[in-house]
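This report refers to the structure that appears directly beneath it.
The values are calculated or read from the model by the stated rules, or taken from the named source; none is laboratory data. On a predicted model such as this, the values are computed, not experimentally measured, just so you know. All Cβ positions, even for glycine, are placed from backbone atoms using ideal geometry, and neighbour counts span all protein chains on display.
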């Protein structure tokens with residue numbers, strides 16, 4: 001909303017976003033080129049990508065099988081998360097990583 005009130009262009013939005021970041025979010029800046037830091041759409045995509053991966057990692061780590069959850073349903077969850085976490089990894093690698101989740105099931 002501030003951006004509309006102040007008539008900010010993408011460069012100004014990116015700069016305001018950059019100075020407002022704290023903690024782990026601020027570290028994303030170091031992975032971006034000078035141009036990307038001033039390109040609001042690129043900057044937002046980088047932030048989302050960084051924390052989206054963390055969300056998938058946490059979901060994978062803390063997934064608990066529900067009572068009566070079928071093996072087929074669990075396999076779907078594992079496949080979805082490993083595909084999100086490792087989109088460019090070969091299928092064999094994704095299949096090797098996923099089964100660790102199975103040990104947390106009754």
Checklist entry - Quick check: anything in region 30-46 loosely packed, with under 12 Cβ neighbours inside 10 Å, over 20 Å from the mean Cα position of the chain (by Cα) and at pLDDT 80 or above? => result yes
Next on the checklist: All but one of (1) surrounded by 10 or more Cβ atoms within 10 Å (Cβ to Cβ); (2) out of contact with any helix residue (DSSP H, G or I) (no Cβ under 9 Å at 6 or more places or on another chain); (3) modelled with pLDDT under 80 hold for residue 76; state the number of the condition that does not hold.
Outcome noted: (3)
Checklist outcome for this item: Per the list (1) more than 18 Å from the chain's Cα centre (by Cα); (2) in a helix (DSSP H, G or I), residue check on residue 56 breaks on (1)
